[in-house]
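Remarks on the structure that follows.
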Amino acid sequence: QVQLVESGGGLVQAGGSLRLSCAASGRTFRRYAMGWFRQAPGKEREVVATISWSGASSYYTDSVKGRFTISRYNAKNTVYLQMNSLKPEETAVYYCAAGNYYGDYDLRDYSYWGQGTQVTVSS
């Protein structure tokens, strides 16, 4: 079992930056691929970025490429999402999740989820 707790959300102006963190409990963290997802009001939850268990491979949805960076520090059981040049339409609750393969983008492939952290981007 893995328990996940996100932090780092908040209110930021358009063009600003935020760094989200996801702290995991349990010694099995390093076995899991990790993903960041987001859900805007009235919309479905969508994948933002994923990273392999080793950190060597990652995936980004097209809209965040070049602006967001996912990383992980297995020694601290933590995964990060650095978000730069944020846009108002990226206002959402951001979730981290643990799964088996970083190439999986379907929510159903991720077994463990955090409670989410709110990111609000003002125009």
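The values are calculated or read from the model by the stated rules, or taken from the named source; none is laboratory data. Please read these numbers as outputs of a predicted model, since none were measured by experiment. Heads up, the Cβs are rebuilt from the backbone with ideal geometry, glycines too, and the neighbour counts pull from every protein chain shown. Calculation scope for accessible area: heavy atoms of the full protein, side chains included, ligands and nucleic acids excluded. Shrake-Rupley method; radii C 1.70, N 1.55, O 1.52, S 1.80 Å.
Here THR69 does not qualify as in contact (Cβ under 8 Å) with a residue 60 or more places away in the chain, within 19 Å of GLU6 (Cβ to Cβ), surrounded by fewer than 18 Cβ atoms within 10 Å (Cβ to Cβ) and hydroxyl-bearing (Ser, Thr, Tyr). Which count do you get for residues in region 93-122 that are at pLDDT 95 or above and either open to solvent by 60 Å² or more (accessible area, probe 1.4 Å) or at positive phi (or both)? Within region 93-122, residues that are at pLDDT 95 or above and either open to solvent by 60 Å² or more (accessible area, probe 1.4 Å) or at positive phi (or both) number 4. Scanning region 1-28 for residues being within 28 Å of ASP62 (Cβ to Cβ), within 15 Å of the chain's Cα centre (by Cα) and not hydroxyl-bearing (Ser, Thr, Tyr) gives a total of 10.
Residues that are buried (at least 16 other Cβ atoms within 10 Å of the Cβ) and under 26 Å from THR28 (Cβ atoms) within region 46-65 comprise VAL47, VAL48, ALA49, THR50, ILE51, SER52, TRP53, GLY55, SER58, TYR59, TYR60, listed in sequence order.
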